[in-house]
């Protein structure tokens, strides 16, 4: 994820392996979100909030949006939490770093 920013050549095998691991986690999230609107229940919580920075990086700078959009419930969850007014304000304030 950060190798290129640190000047290291990307390890394609490690990238593939890591993407597969993340996919398995997102599959668990998909199952969980099929029963609840948010990860910890039917309320937005710190659990959801903590996912915003890295998921933004995943779907933005890394160009791996398909990892969320290919999962119906994860996609709806991401759309919901990333479009919250407070999140939009943060993006406006710190847009260069996202």
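Using a 7 Å offset from the Cα along the Cα-to-Cβ direction at both residue 37 and residue 61, what is the distance between the two label points in nm, to one decimal?
Distance between label points: 3.2 nm.
Given a Förster radius of 22 Å and the C-beta distance between residue 83 and residue 54 as r, what FRET efficiency does 1/(1 + (r/R0)^6) yield to the nearest 0.05?
0.80
Of 44, 54, 8, how do they rank once you tally other Cβ atoms within 10 Å and put the fewest first?
8, 54, 44
Where the centre of each part is set by its Cα atoms, how far does region 7-28 sit from region 30-87, in angstrom?
Value for the Cα centre distance between the two parts: 18 Å.
With N set to the residue count of region 45-98, report its C-alpha Rg divided by 2.2 N^0.38 Å to two decimal places.
Ratio of Cα Rg to 2.2 N^0.38 Å: 1.09.
Using a Förster distance of 30 Å, how high is the FRET efficiency between residue 93 and residue 70, based on the Cβ-Cβ distance and rounded to 0.05?
The value I calculate is 0.45.
Could you tell me what a quarter of the Cα convex hull surface of the chain works out to, in nm² with one decimal place?
Values: hull surface 26.8 nm².
With every direction weighted equally, the projected area is 6.7 nm².
Rule-based calculations on the coordinates, nothing more; no lab input. In this text, all values refer to a predicted model and were calculated from it rather than measured experimentally. A quick note on method: Cβ atoms are made from the backbone with ideal geometry, for glycine too, and the neighbour counts reach across all protein chains shown.
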